[in-house]
Amino acid sequence: MELDDIQTITVLGAGTMGHGIAEVAALAGYDVRLRDIEEEIVQDGYDQIEWSLDKLAEKDIIGEDERDAAIESVEPVVDLEEAVDDADVVIEAIIEQMDIKKDVYQELDAAAPERTIFASNTSSLSITELSEVTDRPEQFCGMHFFNPPVQMDLVEVINGAHTAEETTDLVADLAESFGKTPVHVHKDEPGFVVNRILVPLMNEACWMVAEDFATIAEVDSTTKYDINLPMGAFELGDQVGNDVILHVLDYMHEVLGDAYEPSPLLQQKVDDEEYGKKTGKGFYDYEDGGVDVPM
Ligand code: 3HC
């Protein structure tokens, strides 16, 4: 398949990443089907896309006509077979649990046309292991977006052990057609490249605060104003979702060992369901309009 043959893209999972990826694909002119397991979840994802497109239009980042065309090209779907029956590419962004993903990939493999490329937005799980439950591991790679997808330029394109070069080349071309910058990650290792760096940074920040070496404000001021990251470490956790950070870390801990042991502070945040922006509270409180990190 060539880039020009791609018309219909199905995004599985309408959560934070899924609806953001669907929005990016719709803005690039593709027909998009956004699928999740319940009507309410898909509708919520669709509403988030509308919110984001409105924001972009208000700021003249896109025109009103682009906004209208993008929202019209997204079709919310619940039935998996209907979602993928004409998909050229499926981008999967469902929950970060290996067993659940494997079940979905088996179902997907049976339902999707033979030509369909599978691209997983997993944050850290093995592309090779996921691809092996399908009969098309050579048409399977990682396509890892960053939060928020509509604002973040980078996409990691990850080779599984069985991925054909044509697949990663095509998915990299697809990322470019979305207006993104693809970076090939040639080896399928936990966390790939970005999360292998960012997630331990976030965890280390939690250990420092838990052990009373530093305050949250000190850590975030340093990461933002000295190391020059666009967000402080704790702001970033709240942006990505502390639950997502913990999922990645748990997997890295399991596969790579104790250097990646999650901090009890991070665990506590997740136990208290203080996931960050999406729940209105994380390391910062978002109910009253957000965060201003002090110098
Ligand atoms: N669509 C449209 N607008 C959005 C939006 C979205 N999805 N999300 C936020 N906005 C809006 C906000 O509402 C706010 O609007 P306002 O100006 O009307 O208040 C505005 O965008 C926020 O803009 P800011 O002025 O605060 O910030 P910038 O525009 O300068 O930058 C940023 C925002 C691009 C997110 C920047 O802070 C950044 O790069 N942060 C780092 C993010 C990052 O590193 N993400 C990757 C994390 S790792 C990951 O995702 C991997 C995963 O696997 C764990």
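Taken together, the values in this text are just the output of simple stated rules run on the coordinates, not laboratory data. Everything numeric here is computed off the predicted structure, so don't read it as measured data. With ideal geometry, Cβ positions are generated from the backbone for all residues, glycine too; neighbour counts draw on all protein chains shown.
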Exercise. So what is the relative contact order for the stretch 165-280, in percent, with contacts set as C-alpha pairs under 8 Å and at least six apart?
Worked result: 24
For this session: Report the charge-dipole magnitude of the stretch 1-82 in Debye, nearest 20, computed about the Cα centre from +1 at each Lys and Arg Cβ and -1 at each Asp and Glu Cβ.
Result: 340
Problem set entry | Ratio of Rg to Rh over the stretch 194-295 (Cα coordinates, Kirkwood Rh, two decimals) | 0.95
For this session: Mind jotting down the distance between the C-alpha centroids of the stretch 240-262 and the stretch 40-105, whole Å?
Result: 27
For this session: With a/c under 1.5 counting as rounded, go ahead and sort the stretch 112-187 into rounded, prolate or oblate using the C-alpha gyration tensor (a ≥ b ≥ c being the square roots of the eigenvalues; past the cut-off, prolate if a/b is larger than b/c, else oblate).
Result: prolate
For this session: With the convex hull built on the Cα atoms of the chain, state its orientation-averaged projected area in nm².
Result: 15.0
Problem set entry | Lysine pairs within the chain, Cα separation less than 18 Å, 8 or more sequence positions apart or different chains | 5
Problem set entry | Two-site FRET efficiency, Asp60 against Thr181, from Cβ-Cβ distance with R₀ of 30 Å, rounded to 0.05 | 0.85
Seminar exercise, completed: Relative contact order as a percentage, the stretch 130-190, C-alpha pairs under 8 Å and 6+ apart, gives 33
Exercise. Which values, in whole Å and largest first, are the semi-axes of the equivalent ellipsoid of the stretch 139-248 obtained as the square root of 5 times each eigenvalue of the Cα gyration tensor?
Worked result: 31, 15, 10
Exercise. By how many nm would the segment from Glu204 to Ala161 lengthen if fully extended, with 0.36 nm per residue of separation less the alpha-carbon distance?
Worked result: 12.4 nm
Problem set entry | Projected label distance in nm at Met98 and Glu189, using a 7 Å step from Cα toward the beta-carbon | 1.8
Problem set entry | Descending Cα extents along the principal axes, the stretch 1-96, whole Å | 36, 33, 22
Exercise. With the contact rule set at Cα under 8 Å and sequence spacing of 6 or more, what percent relative contact order holds for the chain?
Worked result: 13
Seminar exercise, completed: Taking R0 as 35 Å and r as the Cβ-Cβ distance between Asp4 and Asp44, the FRET efficiency 1/(1 + (r/R0)^6), rounded to the nearest 0.05, comes to 0.60
Exercise. Label Glu254 and Thr215 with points 7 Å out from Cα along Cα→Cβ: what is the distance between them in nm?
Worked result: 3.8
Exercise. Taking 0.36 nm per residue of separation and subtracting the Cα-Cα distance, what length does fully extending Tyr286 through Glu138 add?
Worked result: 48.9 nm
Exercise. For the pair Asp226 and Glu261, how long in nm is the line joining their label points, each one 7 Å along Cα→Cβ?
Worked result: 2.6
Problem set entry | Cleavage-rule hits, chymotrypsin sites (Phe, Trp or Tyr not before Pro), the stretch 1-110, DSSP coil, Cβ neighbours within 10 Å at most 14 | none
